[in-house]
Amino acid sequence: MSKSLNLFISTSSGTSPNFTPLSKPSISFLTGNFRLPVQLKPSGVSVPAPPELLITKASYDPETISAAALASTNGLGGVLSGASPEQGSYGGGVVVSAVSADTSSIEVDAVTEAELKENGFRSTRRTKLICTIGPATCGSEQLEALAVGGMNVARINMCHGTREWHQIVIERVRRLNEEKGYAVAIMMDTEGSEIHMGDLGGASSAKAEDGEVWTFSVRAFESPLPERTINLSYDGFAEDVKVGDELLVDGGMVRFEVIEKIGPDVKCRCTDPGLLLPRANLTFWRHGSLVRERNAMLPTISSKDWLDIDFGISEGVDFIAISFVKSAEVITHLKSYIQARARDSDIAVIAKIESVDSLRNLEEIVLASDGAMVARGDLGAQIPLEQVPAAQQKIVQVCRQLNKPVIVASQLLESMIEYPTPTRAEVADVSEAVRQRADALMLSGESAMGQYPEKALTVLRSVSLRIERWWREEKHHEAMELPDTASSFADSISEEICNSAAKMANNLEVDALFVYTKNGHLASLLSRCRPDCPIFAFTTTTSVRRRLNLQWGLIPFRLSFSDDMESNLNKTFSLLKARGMIKSDDLVIAVSDMLQSIQVMNVP
Ligand SMILES: Nc1ncnc2c1ncn2[C@@H]1O[C@H](COP(=O)(O)OP(=O)(O)O)[C@@H](O)[C@H]1O
Ligand SMILES: C=C(OP(=O)(O)O)C(=O)O
Ligand SMILES: [K+]
Ligand SMILES: [Mg+2]
């Protein structure tokens, strides 16, 4: 299906340039971000050709298409607004702003740029940081404070809040990126269909005291819920549990013992008191083992999850994290679904490793995914707690070997939900994840509903910087064996080039690695080697640039480049020098998708 798109744009100064696309976008094309070459019809504004419209948010349903576009046109400064589609076939409001982003410019995240200028690039942070956005951080000002504090990825958890709520958060992040020059990527995390409690009838938490008897029920209650009653998501619950079973909320934050079953109601006595949070995960245990009855048959992606995934695709999120992955098939299936729905989008799929099955099928799951998360919250509820550290180490190692980004998540700084400083044990835990050289660390409750989200982010940042520096000073060069992951000879060449370039960078103590990569693959191969110096990754699209945000040591830039490396390098040097991000005589090693070579040079 192919239709032409005419965007009629009026500027704040009253002139009305009319853009006509030079190519005809297809409908599926309109569901993601894309650049559209346009012709400018006569108007009051003179714009050197050929200008380009960057459609940053376009959503499609059979009746209407609405698009938010960023006119990226040579010489067209200022903000254009109040646009509406000209030809009736496209309904919906179109918000268009124009910036003068010509092909000779370079885009880098404003926070990284400031950091580069201030500290020089040797000491930039290599470990990436993810913050879960919740009531404590959903305002634009709070989001900006997190962006300034080093948040690389904002995570929205579809367990909580409505789609409308999440949409507002996504919009705010996107607006900050556009207006203030951040490059925060968005990760949508699915709810998954394991057993969890309901929303506590709207209460933010409930206290379960020792010895109290609570009712767990699948019945639908009018709100407010009767006292000491918990709603459950899993219909088979009352049939599956037995009197004497142990019920663990959030992996043991609160414990109950099943004392009686009355139809759909299960009466339980609290044996370990604590705070019940809305939608907390539940597991039940019999004779010291996790019970996996029919709930083991629940689909990994529930029907609600599919709707959330559709939402994520139409919002153009950068990552979708899938909860309770059991096998590689579900990932493969989801990836082809995304491909079919949004042919030009490159949403990365992250497998959350948080169940016994996911550990059993770890390698094939990681291979099928674009990255993995050590989701220690639920993992710790499914395997004995003392096995979690070894599982973390193993997952990080497998991901590194298979060249997939890996996130360490949950309870990194749990006490900071309530207190302004972390425990020493928490700092040690963060240090260990950094020392394992995970790609990213994630905050959950600390940033979603805690009292000190920015302070928690600061702790992650400063601990990461300190441990990374210690690692370099101690010359702990990479000891991990990195097997060949290539599936073709061409891929093998890329891999060898990156391994060698990273090694040379360490031995020659160069200041930076430069990589020119269209799809990001070469950048990830360099990142996998965890070299001592930062990796400047130049890529042509904003979406690839945002996706590279998750990977260790990469500083992603957006830059238009050609197949001529000589001219690419000269252009990059002069642009970066002009912005004060590098200086003459800095030693650089460059590799690229286009040219199978390693170049070592001093910045002229
Ligand atoms: N969008 C949201 N709306 C309301 N509360 C949220 C939201 N996201 C997260 N939270 C709160 O932050 C806590 C921690 O977040 P997270 O770890 O992502 O969820 P969970 O613990 O349910 O897996 C949640 O238990 C919930 O109380
Ligand atoms: C990150 C996790 O998943 P969620 O917060 O969605 O339960 C976890 O279980 O550790
Ligand atoms: K989730
Ligand atoms: Mg989980």
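For the range 392-431, the tally of residues that are without any contact (Cβ under 8 Å) to a residue 12 or more places away in the chain, away from ligand 1 (no atom under 16 Å from the Cβ) and of a type outside the set (Val, Ile, Thr) stands at 3.
Within the range 319-337, being open to solvent by less than 10 Å² (accessible area, probe 1.4 Å) and closer than 23 Å to Arg546 by Cα holds for Phe319, Ile320, Ala321, Ile322, Ser323, Ile331, Leu334.
Taking the criterion of being assigned to a loop (DSSP other than H, G, I, E, B), more than 16 Å from ligand 4 (Cβ to nearest atom) and of a type in the set (S, T, N, Q), the residues of the range 370-421 that qualify are Asn403, Thr421.
For the range 151-170, give me each residue that is touching a residue at least 40 places away in the same chain (Cβ under 8 Å), assigned to a helix (DSSP H, G or I) and away from ligand 2 (no atom under 16 Å from the Cβ). Scanning the range 151-170 gives Arg163, Gln167, Ile170. Is one or more of the residues making up the range 370-389 more than 15 Å from ligand 2 (Cβ to nearest atom), surrounded by fewer than 24 Cβ atoms within 10 Å (Cβ to Cβ) and on the phi > 0 side of the Ramachandran plot? Looking through the range 370-389, none of the residues is more than 15 Å from ligand 2 (Cβ to nearest atom), surrounded by fewer than 24 Cβ atoms within 10 Å (Cβ to Cβ) and on the phi > 0 side of the Ramachandran plot. Going through the range 507-549 one residue at a time, which ones are of a type outside the set (A, V, I, L, M, F, W, C), in contact with a helix residue (DSSP H, G or I) (Cβ under 7 Å, 6 or more places away or on another chain), open to solvent by less than 10 Å² (accessible area, probe 1.4 Å) and more than 14 Å from Ile106 (Cα to Cα)? Listed by number, the residues that qualify are Thr517, Gly520, Arg528, Pro531, Pro534. Please verify whether Asp357 is within 18 Å of Ser327 (Cβ to Cβ), at pLDDT 95 or above and surrounded by fewer than 22 Cβ atoms within 10 Å (Cβ to Cβ), treating the condition exactly as stated. In short, no.
The residue that is farthest from ligand 2 (Cβ to nearest atom), among those in the range 297-339 that are without any contact (Cβ under 8 Å) to a residue 24 or more places away in the chain and under 12 Å from Ser193 (Cβ atoms), is Met297. Somewhere in the range 214-235, is a residue within 16 Å of ligand 3 (Cβ to nearest atom), surrounded by 18 or more Cβ atoms within 10 Å (Cβ to Cβ), assigned to a loop (DSSP other than H, G, I, E, B) and at pLDDT 90 or above? No; the residues of the range 214-235 include none that is within 16 Å of ligand 3 (Cβ to nearest atom), surrounded by 18 or more Cβ atoms within 10 Å (Cβ to Cβ), assigned to a loop (DSSP other than H, G, I, E, B) and at pLDDT 90 or above.
With respect to (1) part of a loop (DSSP other than H, G, I, E, B); (2) closer than 21 Å to Lys242 by Cα; (3) within 14 Å of ligand 4 (Cβ to nearest atom), the lone exception for Arg292 is condition (3). Taken over the range 157-173, the criterion of being under 24 Å from Val108 (Cα atoms) and surrounded by 18 or more Cβ atoms within 10 Å (Cβ to Cβ) is satisfied by Val169, Ile170, Arg172, Val173.
Quick grid of which residues meet (1) open to solvent by 20 Å² or more (accessible area, probe 1.4 Å); (2) assigned to a helix (DSSP H, G or I); (3) closer than 25 Å to Asp346 by Cβ:
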residue: Phe284; (1), (2), (3): no, no, no
residue: Ala296; (1), (2), (3): yes, yes, no
residue: Asp305; (1), (2), (3): no, yes, yes
residue: Ile309; (1), (2), (3): no, yes, yes
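Within the range 345-354, the set of residues being away from ligand 3 (no atom under 14 Å from the Cβ) and open to solvent by 10 Å² or more (accessible area, probe 1.4 Å) comprises Ser345, Asp346, Ile347.
Restricting attention to the range 179-213, and to residues there that are more than 16 Å from ligand 4 (Cβ to nearest atom) and β-branched (Val, Ile, Thr), which single residue is surrounded by the fewest Cβ atoms within 10 Å (Cβ to Cβ)? Filtering first and then ranking leaves Val213.
Condition first: part of a helix (DSSP H, G or I) and under 11 Å from Ala154 (Cβ atoms). Now tell me which residues in the range 174-188 satisfy that.
Listed by number, the residues that qualify are Arg174, Leu176, Asn177.
Does Asp586 satisfy the criteria of being charged (D, E, K, R) and closer than 18 Å to Ser123 by Cβ? Taking the combined requirement at face value, the residue satisfies it. Within the range 236-262, the set of residues being open to solvent by 20 Å² or more (accessible area, probe 1.4 Å), at pLDDT 90 or above and not acidic (Asp, Glu) comprises Lys242, Val243, Gly244, Arg255, Ile259, Lys261, Ile262.
The number of residues in the range 568-598 that are closer than 12 Å to Tyr516 by Cα and open to solvent by less than 60 Å² (accessible area, probe 1.4 Å) comes to 10.
Looking across the range 334-357, just one residue is within 16 Å of ligand 4 (Cβ to nearest atom), touching a helix residue (DSSP H, G or I) at 6+ places or on another chain (Cβ under 6 Å) and in a helix (DSSP H, G or I), and that is Val356.
The values are calculated or read from the model by the stated rules, or taken from the named source; none is laboratory data. Computed from a predicted structure; not experimentally measured. No Cβ is skipped: glycine too gets one built from the backbone with ideal geometry, and neighbour counts run over all protein chains shown. Heads up: the accessible areas ignore ligands, DNA and RNA and are worked out on the full protein's heavy atoms, side chains in. Shrake-Rupley method; radii C 1.70, N 1.55, O 1.52, S 1.80 Å.
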